[in-house]
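Peer 1: If you scroll down you'll find the structure; I have some questions about it.
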């Protein structure tokens, strides 16, 4: 019996081995079906299936090949490992800025996240991604230490022109920054007068900027200087549960908002 790391290396050296094992673990397949789905030659498939049979990872049932119980175990493990590295690859450029100490969920739940970073030709790309999520929703809940001009404009438009519900907990420093700009402050004041919009004030700082647009959670990732580095959008149930719970906690502890307190 080979050592575990040698078995991992055996699989990792060949994309065909990984794909074939995952395919037959999903459902029995013929060699012709495997060839069509992987693009591998019959000779290559023959070697792969023979190696798997030697390890008791596959069994042959007529013309079809199926994963054994241990083959399914290995396929599930290698699939999980691949998913971990795919997620790590997405987050690697951002790990220095992620407030992971605040995350009450496993980072693997960000496997399906859409990561949008600014580029030289599209510096506002992260905010555009968030705006798309906001515009396509019926409700928006947010907790944040900042509220940028683009997001505020989108919320203002949605609330004043449609049947849209907006609830937010903002830090006092975020509201003070908005109050310093007459145009932005007028939008905030308009929101405060709408029955379908409610803002509350957190007495402490909020270390995470998160928006929950229906079932989609968007996280705005900034560096220590406040520069926007990326947005992460996900439909993960685990991330949504964390964000909803965190919003509820901030909401309960926050105070009602009155523009007069900042004017």
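The values are calculated or read from the model by the stated rules, or taken from the named source; none is laboratory data. What you see is a predicted model, and the numbers here were worked out from it, not measured in a lab. Heads up, the Cβs are rebuilt from the backbone with ideal geometry, glycines too, and the neighbour counts pull from every protein chain shown.
Peer 1: Any residue that is touching a residue at least 12 places away in the same chain (Cβ under 8 Å), in the same structural domain as residue 234 (by TED's automatic domain parsing) and under 17 Å from residue 210 (Cβ atoms) - is there at least one of those in the stretch 118-126?
Peer 2: So far as the stretch 118-126 goes, yes, one or more of its residues are touching a residue at least 12 places away in the same chain (Cβ under 8 Å), in the same structural domain as residue 234 (by TED's automatic domain parsing) and under 17 Å from residue 210 (Cβ atoms).
Peer 1: Considering only the stretch 230-261, state which residues are assigned to a strand (DSSP E or B) and either within 15 Å of the chain's Cα centre (by Cα) or not assigned by TED's automatic domain parsing to the domain that holds residue 124 (or both). Lay out the reasoning, then the answer.
Peer 2: Step one: filter the stretch 230-261 for residues assigned to a strand (DSSP E or B), giving 230-234, 255-256.
Once the filter is applied, which keeps residues that are assigned to a strand (DSSP E or B) and either within 15 Å of the chain's Cα centre (by Cα) or not assigned by TED's automatic domain parsing to the domain that holds residue 124 (or both), the stretch 230-261 yields 230, 231, 232, 233, 234.
Peer 1: Can you tell me which residue within the stretch 242-257, out of those that are loosely packed, with under 15 Cβ neighbours inside 10 Å and in contact (Cβ under 8 Å) with a residue 60 or more places away in the chain, is nearest to residue 141 (Cα to Cα)?
Peer 2: Looking at residues that are loosely packed, with under 15 Cβ neighbours inside 10 Å and in contact (Cβ under 8 Å) with a residue 60 or more places away in the chain, I get 244.
Peer 1: Return the residues of the stretch 39-58 that are farther than 12 Å from residue 27 by Cα and outside any helix (DSSP H, G or I); say none if nothing qualifies.
Peer 2: The answer is 39, 40, 41, 55, 56, 57.
Peer 1: Something else about it: Hey, among 149, 167, which residue is modelled with pLDDT of 95 or more and surrounded by fewer than 18 Cβ atoms within 10 Å (Cβ to Cβ)?
Peer 2: Numbers: 149 fails: modelled with pLDDT of 95 or more.
Just one listed residue meets the conditions, 167.
Peer 1: Specify which of the listed residues (172, 229) is touching a helix residue (DSSP H, G or I) at 6+ places or on another chain (Cβ under 8 Å) and surrounded by 13 or more Cβ atoms within 10 Å (Cβ to Cβ).
Peer 2: 229
Peer 1: Is it the case that residue 101 is surrounded by fewer than 12 Cβ atoms within 10 Å (Cβ to Cβ), out of contact with any strand residue (DSSP E or B) (no Cβ under 6 Å at 6 or more places or on another chain) and at pLDDT 95 or above?
Peer 2: no
Peer 1: Considering each residue of the stretch 46-80, count those that are surrounded by 14 or more Cβ atoms within 10 Å (Cβ to Cβ) and closer than 21 Å to residue 234 by Cβ, and give that number.
Peer 2: Number of matching residues: 1.
Peer 1: Sticking with this structure for a sec: In the stretch 208-223, is there at least one residue being surrounded by fewer than 22 Cβ atoms within 10 Å (Cβ to Cβ), more than 25 Å from residue 105 (Cβ to Cβ) and either out of contact with any helix residue (DSSP H, G or I) (no Cβ under 9 Å at 6 or more places or on another chain) or assigned by TED's automatic domain parsing to the domain that holds residue 256 (or both)?
Peer 2: So far as the stretch 208-223 goes, no, none of its residues is surrounded by fewer than 22 Cβ atoms within 10 Å (Cβ to Cβ), more than 25 Å from residue 105 (Cβ to Cβ) and either out of contact with any helix residue (DSSP H, G or I) (no Cβ under 9 Å at 6 or more places or on another chain) or assigned by TED's automatic domain parsing to the domain that holds residue 256 (or both).
Peer 1: Shifting gears a bit: Of 115, 74, 130, which residue is in a helix (DSSP H, G or I), touching a residue at least 24 places away in the same chain (Cβ under 8 Å) and in the same structural domain as residue 177 (by TED's automatic domain parsing)?
Peer 2: The match here is 130.
Peer 1: Between 36, 101, which is within 30 Å of residue 209 (Cβ to Cβ) and in a helix (DSSP H, G or I)? Full working, then the answer.
Peer 2: Values: 36 fails: within 30 Å of residue 209 (Cβ to Cβ).
From the options 36, 101, the qualifying one is 101.
Peer 1: Somewhere in the stretch 63-71, is a residue in contact with a helix residue (DSSP H, G or I) (Cβ under 9 Å, 6 or more places away or on another chain) and assigned to a helix (DSSP H, G or I)?
Peer 2: Yes.
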